[in-house]
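These notes concern the structure reproduced below.
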Amino acid sequence: MFKNIKFRYSAIALIALGLSSCGKFGDVNISPNAATTPKTSALLTNVETYLGSDAVGAPSPTITAPITGFLSPYYTQHYSQVQYPDNQLYPSTGISWDGTYAVVLEDLYNIIAVNSATPNVKADGGNSINQIQIARILKAYYFSILTDKYGDVPYTQALIKKVDPAYDKQQAIYTDLFKELSSAVASFQVGVGDPIVGDIIYNGDLTMWKRFANSLRLSLAMRLSKVDPVTGKAQFLAALTDAGGVIDNNSYNVKLSYPGGSFNFPMYNLTTASVVAISKPFADKLNAYSDPRVFVYAVKNSTTGTVSGFPYGLNRPDAQAFIGSKVPYSLAYATAYKTATSSVYVFTAAYVDLLRAEGAITYGTTDDPATFLAKSVTDSWAQWSITSPAITVAQYVVNATAGNSGNLLKTIQEQYWIALWGSEQNAYDEWRRTGVPALTPAPDATNPSKTIPRRFQYPTTEVNYNPTNYNAAVAAMPYGGGDTDNNRVWWDK
Amino acid sequence: MKKLLLVSLCFLLLSVAQVFAQGRTVTGTVIAKEDGGPIPGVSVKVKGTSLGVITGADGKYSIRVPESGKVLVFAFIGYGTIEKPITGSVVNATLEVATHQLGEVVVNTALGIQSKADNLAYAQQGLSGGDLTSTRLTDINTAMAGKIANVQVRTQSAAKLGSQSSIRIRGGNSVSNLTNDPLYVVDNTPIDDINFINMDDVDDIQVLKGPSAAALYGQRGSNGVIIITTKKAKAGRFDLTLTSTFSADNVTNLPHFQNEYAGGSAGAPIFQTYTWAAGDPAEWKALDGKQYHQYFDDASWGPKIDGQEYIPWYAWFPGTQYSFKTAKLTPQPNNVRDFYSTGINAQNNLAFAKAGDGYNVRISYTNQNTTGLLPNTWLKRNYLSLNSSFNLDKHFTADVNFNYVNQKYQGDFSDTYGNVTSGSFLQWFHRDLDINILKELSGLRTPYGRIPSWNLNDELGKPSQAAFYGGSDYWTNPFTYQNLASAVNIQDRLYGNAGLTYKFNSHFKLNGNFSHNQRNTHYESKLPSIFGLSTQDMSSPLANNANAGSRPVVGTYRTYDVRQVENNYSFLASYNQKFSDITVDANFGGNIRRNDYSSLDNSTKGGLVVPDLFTLTNSVTTPFSFSATRYEKIVRSLYGSVALNWKDIVILNATVRNDWSSALPVTSNSYLYPSIGGSFIFTKFVEKSLPFISFGKVRASWAEIGSDVDQYQTQLYYSVLANQYNGNIAMTTPNQDVDTGLKPALSKSTEFGADLRFLNDRLGISATYYNENRVNDIIPINISSASGFVTRLSNAGKINRHGIELTLDGYVVRNKSFNYNITLNVARNQSRVDELIPGVSNLYLGGSDYSSSTGAAAYAPGVWSSVGSGYGQIIGRGIQKINGQNVINSDGTYAYVDNTKLGSIMPDLTGGMINTISYKNLSLNFTVDFVKGGNYFSLSNFWGGFSGLYDFTAGNNDRGKPTRDPVSSGGGVHVKGVDATGNPVDTYVDATVYYDNNGLNKINETSIFDLTYVKLREINLGYKFNTKSFGSIGKYLKGLQISAFVRNPWLIYTKNKNFDPSELTGNYGESGQLPPSRTLGATLKLGF
């Protein structure tokens, strides 16, 4: 009987307990593995660790060991694929932008959002206002890479969790990027509040960020040289005359110096993989000018003491036939420049020098083009630690100018191609804009046009997940045509 | 099984009052015809009276019979009824299992509630007894292959030790998952890994296919439920059984390789001449002027194999009988086959069982020892189980079940792209390699201490720089890898339940149950430093095994530990009462489920400082790679069911369940779902008019099932990333956005069916139609990443699945000594995606393990759910078509189109046939299963064609000239189609161009194959000795049974014989998987 009662009570108690508290779980569904609020300095560090990827030619910032994924350095013919040629044959397919939008841009958006919405977080990671400006500059940088790759892309409706963001015209994006960069430079509170934490590029030096913003603005302004020279010139001059200055010294370079270990220089893998060589057209040009950089960009043959390129744009049978012929060729990056702790040069003084040299001619600034051309060579050699070159800068400039039949503008423009090794996205942008040098497409190209791609095709995910806006963007391509790789972005007139 | 269940049922009737009357006493023993053993619980009645007794544990009875009594009636459910005249004071009876009293079969349904099989309102199919034990099947899933309608079983190669086969019931339920595993429940304990179920202990399997059957299990039952009942002691008996199985596995179907051309690059020249030069080793002078092929290219586009003299890969290294000697280039048609060993498996089980007055106990121990098909692989398992029940007093019964399993295996069985054995053989290999020499030289080292490989690295096309020479370009010697690389996985599993039942009276009882399921896994892998020294390329499979993304591995040590626990606390109140013509069965219960998980995974990074010292602190880079995670989740439930039975003619069932899940938002974490069903057994109404119908039933049911999500999905989490950058921590915004208004998902299913049996049960047919709509499925929907997120977890989508299941059961021959029964089942399931979220028409489900991370080159297709065309669409790069004709580019290659639908992974029809033949004590069983329709993608075909391994890349073309000859001399691949404007094109394309750049490298369509197959799964031949005839031995030896079996004897039909579609590794298809195998074995079973 006692047992009976006990059971009845427990059954009733169990049911009652169940009904009243079944839906309450306390903290059970709160993950012990992660935080619910981000630390903005940690987001900034994360974004900056990816800065090297686009620079070395990966199609997305999250690809940090890009060997097989390179795109732009094949388009500019810096590299040739040796063993398994695919991307250098222009496979004509959509390129994912997930890494840019969903990783780096969303992190930057979050830095701004957290600092704007929650004043209490200010102390975390440094002065909130300054954190916001750094995030704005990096955001402008990544959006400029996106729009330069694809053309019109989601901008105003991007990053705000809208599942089907509309695309903005590239021109409108450029207008806003100029505004963002100038506004960010103007909004810094130098010396006010806590110093910035987590900045692995400039260690929180705000004056450096101003230089980067102004230099980036210079390059974007130059990109409009054909399509909108009026705006281009105005922005160029404004950037050049900004009190913050530009990157005019190698010590101001935006570069990512890898610590090794968990974060290795992306090209470190090339130490052991014989898959990427310096391409023949590029090596031939460097050799023709006796450019000492050739021994930085490729492995010197131990017997001949020279660097020779691998024929560009071969398919696998042809590439294998070439290997079989035993003609020597040089793998990309000299050994000393692809160690685990080598640096990636994202935005350099040599580049800014060349922009100023060209700006003097194209936009009529007060700079002297020849001076800045020479300075660019000096800076570039110094950047690669070339200390005792076999040729003087002056003689080199003579060689390069002769190579372009005395055409100074063309000589400057060709130097983008040469100096921007390792800043591959910029090299590709400048080649598209200037058309210098004239490059022959891969003989075994597989894309329908058989020409060097002028843009990235939109990711296939957009076709599937954002079809309405994708179709509208394709229909509104500035120069007609479809979502092909030989269609051109707005400024690439 | 039947006997067992019924024994226990009958014990419930023991309380029937025994009535004594005047007269004589009759005694006797009732035995079973099947094994001669006594049957307890048999009802013995005096015909024409209400007098009756029940046999005791020893099968004996004693009854007082009045003078008028002339005949005794012996009855036992499942054994039929016999009458015996009372001829003296001793009347013995022998009862025979009633083969066709299906109506009497009692089966376990949800939550262990028992029901007559004939009364069920939904489709439920089972396997028991002989169906299971005859072949000694490897696992529960394999046991069901071809036997249960609408259960698609995908077994795995016997080479993959420790892996389990997968099944899909009714095509699976989720729109967003490629895996649709059902819930497995062993004696009330939910289990997630069927490897830990000892097949020697399994007595009965019941498959609850749809929501109607599984409604009481709730969300975990939405993909179906498999209820496994283990063996229990038979009342009144002591049994000791010893079962021993010995079997051997051999590789069967391998692809058809070409044996005409040796390894080498697709480009000319095919042979190179070695010229000795100063600085080269002096011994190499012997090879001066001799020719060699391109070792560094891991393809087989090299020279024609003509018996010519050449320098084999091993000739460059000193210290062997082959050093510095040329060899003849000869075909090696069996090199892949000969790589694999014969797998040996020995399995012994010892089981004791005893049941007596108020208790039953069974203890079983199994030991399994397997050596694998791959060199240096093995598996050991020990199973120990206890199954017991005790009546504590008149009211209390305690049940304790306990299983301990220990499993340990060695080997790397990840048969994906880059697998050092099968991945190489099927995708990247030299067809001319002598496998015996590879084996013989697996211990060879170069003078510089490297492992020489057949795939020698050779940057500039000639063996130079002897100091570096001898490493592998991509692949190492597979024997060396198998011998030196180790991966040991140890798992300890404890699961079981303890329950206490209180029986208030014959109508009402209350049960409380606790079940526990715990798995502890310990894993260790060691890759000796020498592989790093001997590997040149990042894309090497060896690199893939460890810290991909950094540089080549110079030795790795990885270890991880996982602890998983699931506890369930439940109660169930049961009420059963008969009111004149109506029987009421009601149950009410509740459950609290709690899952806890923790893991710690560590690995050295960048290599080992002290070579081959396998400790974490010996990592070159610190911190070494580590990750740790843990979670917990709780689901609380209340449920109830009512069944009303009117004279076994009309049966109505209803269930209702409410779940509260900790993983859902607090505002919507409660969800309630009902089910209702009914059966109408019309046998009685047609007895006269349609006498050939021995049983007839129609049934209908409707059910809902709700589901939740995994834990921690309802808000954004920012984890601190594993590595610090110069002392700075990094965090990132997650890529999956969260819908804050997440609701539980719901499946609604309607089911109709009929079960008919004819001609005294000689023929049976069962048919089911089901139609299920799943709404508000919780799916990580892919969204435009410009939103800032790649996916969003939200309620979206409508998926419908519907289909029919047919089972036909019949006796070709049925008589006393000879029986031949065939059970045929066929099912058709169709899935249709009606809606995802507005604007989104495709949902990515997954893909091959070799898809380009950049999307820059479409190496492999993905599997999608597509609105309008359904679940499991293979979408990839197809050949452009104009009016159905292939479009050919000017260079003779195919033009292609991305995002082409290339087929569906879901078959149109699945089914099988079970054949059971018995002649006296001899029995023969064989099972055939088949799949019709559906497609798969073969990554091996894709790469193996590219690298010239398969027969289709060689041979002659339709001009009678070798395909691999230049087009100019009559060779080439014949390509027909149209050009971009639709004009006909008829041309020949260089084979290397065709297979290299176009056919296979870029286009997925040419590697899509038909999933259709017909396969003879198993054959079993058994003989049961009549031990009674053994004289004095027979006294102790109660049973002796021997059987011989074959598993996978014959892949009868499939279109592309290179691969076995019944054993695909990935849901999307094939990826370089380990080879199919055939198992031959014998079992000896002794009973004492």
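The values are calculated or read from the model by the stated rules, or taken from the named source; none is laboratory data. Everything quoted here is computed from the prediction, not taken from an experiment. No Cβ is skipped: glycine too gets one built from the backbone with ideal geometry, and neighbour counts run over all protein chains shown. What goes into the accessible areas is simple: the full protein's heavy atoms, side chains included, and nothing from ligands, DNA or RNA. Shrake-Rupley method; radii C 1.70, N 1.55, O 1.52, S 1.80 Å.
Before moving on, here are some points about what is shown:
- Of the candidates A:Ala234, A:Ala277, the single residue that is without any contact (Cβ under 8 Å) to a residue 60 or more places away in the chain and under 28 Å from A:Gly435 (Cβ atoms) is A:Ala234.
Residue-by-condition table, conditions (1) away from chain B (no Cβ under 14 Å); (2) touching a helix residue (DSSP H, G or I) at 6+ places or on another chain (Cβ under 7 Å); (3) in a helix (DSSP H, G or I); (4) closer than 25 Å to A:Glu430 by Cβ:
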{"residue": "A:Asp291", "(1), (2), (3), (4)": "yes, yes, no, yes"}
{"residue": "A:Gly305", "(1), (2), (3), (4)": "yes, no, no, no"}
{"residue": "A:Ser308", "(1), (2), (3), (4)": "no, yes, no, no"}
{"residue": "A:Asp318", "(1), (2), (3), (4)": "no, no, yes, no"}
{"residue": "A:Pro328", "(1), (2), (3), (4)": "no, no, no, no"}
{"residue": "A:Ser380", "(1), (2), (3), (4)": "yes, yes, yes, yes"}
{"residue": "A:Gln395", "(1), (2), (3), (4)": "yes, no, yes, yes"}
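- Residue identified as of a type outside the set (Asp, Glu), touching a Ser or Thr at 6+ places or on another chain (Cβ under 7 Å) and either within 28 Å of B:Ser627 (Cα to Cα) or in a loop (DSSP other than H, G, I, E, B) (or both) among B:Asn771, B:Asn723: B:Asn723
- Candidates B:Ser787, B:Ser747, B:Ser766, filtered to the one that is under 30 Å from B:Ala214 (Cβ atoms), crowded, with 22+ Cβ neighbours inside 10 Å and not acidic (Asp, Glu): B:Ser747
- Filter result for the condition that a residue is away from chain A (no Cβ under 13 Å) and modelled with pLDDT of 85 or more, over B:Gly868, B:Gly872: B:Gly872
- Residue match in the stretch B:263-273 (condition: in contact (Cβ under 8 Å) with a residue 12 or more places away in the chain, under 30 Å from A:Phe322 (Cβ atoms) and hydroxyl-bearing (Ser, Thr, Tyr)): yes
- Only residues that are more than 7 Å from chain B (Cβ to nearest Cβ) and open to solvent by less than 10 Å² (accessible area, probe 1.4 Å) were counted in the stretch A:84-97, giving 4.
- Scanning the stretch B:337-396 for residues that are charged (D, E, K, R) and within 24 Å of B:Arg1047 (Cα to Cα) yields B:Arg337, B:Asp338, B:Lys380, B:Arg381.
- Selection status of B:Phe930, within 30 Å of B:Asn334 (Cα to Cα), part of a strand (DSSP E or B) and either touching a residue at least 12 places away in the same chain (Cβ under 8 Å) or open to solvent by 30 Å² or more (accessible area, probe 1.4 Å) (or both): yes
- Scanning the stretch B:887-910 for residues that are away from chain A (no Cβ under 14 Å) and in contact with an Asp or Glu (Cβ under 7 Å, 6 or more places away or on another chain) returns a single hit, B:Leu902.
- Residue selected from the stretch B:251-299 under the condition outside any loop (DSSP other than H, G, I, E, B) and under 30 Å from B:Phe1059 (Cβ atoms), by the criterion nearest to the other protein chains (Cβ to nearest Cβ): B:Gly264
- The stretch B:274-327, residues that are among the polar types (S, T, N, Q), open to solvent by 30 Å² or more (accessible area, probe 1.4 Å) and modelled with pLDDT under 90: B:Thr275
- Scanning the stretch A:120-162 for residues that are over 24 Å from the mean Cα position of the chain (by Cα), open to solvent by less than 10 Å² (accessible area, probe 1.4 Å) and away from chain B (no Cβ under 11 Å) yields A:Gly126, A:Ser128.
- If you go through the stretch B:170-189 and keep only what is touching a strand residue (DSSP E or B) at 6+ places or on another chain (Cβ under 6 Å) and either at pLDDT below 85 or surrounded by fewer than 20 Cβ atoms within 10 Å (Cβ to Cβ) (or both), you end up with B:Arg170, B:Gly171, B:Val175, B:Ser176, B:Leu178, B:Asn180, B:Asn188.
- Across the stretch A:330-359, the qualifying residues are those that are open to solvent by 10 Å² or more (accessible area, probe 1.4 Å) and of a type in the set (Phe, Trp, Tyr), and the one among them that is modelled with the lowest pLDDT is A:Tyr337.
- Which numbered condition A:Ala34 misses (of (1) modelled with pLDDT of 90 or more; (2) hydrophobic (A, V, I, L, M, F, W, C); (3) under 30 Å from B:Ala628 (Cα atoms); (4) crowded, with 18+ Cβ neighbours inside 10 Å): (4)
- Test set (1) among the acidic types (Asp, Glu); (2) in a loop (DSSP other than H, G, I, E, B); (3) farther than 22 Å from B:Thr768 by Cα - B:Asp648 fails condition number: (3)
- The criterion of at least 1 residues that are at pLDDT 95 or above and within 14 Å of chain B (Cβ to nearest Cβ) is met by the following helices (runs of 4 or more DSSP H) wholly inside the stretch A:398-493: A:467-475.
- Some residue of the stretch B:397-412 being assigned to a strand (DSSP E or B), of a type in the set (Gly, Ala, Ser), out of contact with any Leu (no Cβ under 8 Å at 6 or more places or on another chain) and open to solvent by less than 40 Å² (accessible area, probe 1.4 Å): no
- Residue pairs whose Cβ atoms lie under 7 Å apart, sitting 6 or more positions apart in sequence or on different chains, and linking a residue in the stretch A:19-42 that is more than 7 Å from chain B (Cβ to nearest Cβ) to a partner that is at pLDDT 85 or above and open to solvent by 20 Å² or more (accessible area, probe 1.4 Å), are A:Ser41/A:Val197.
- A single entry from B:Thr655, B:Thr621 fulfils the requirement of being within 30 Å of B:Val698 (Cβ to Cβ) and open to solvent by less than 50 Å² (accessible area, probe 1.4 Å): B:Thr655.
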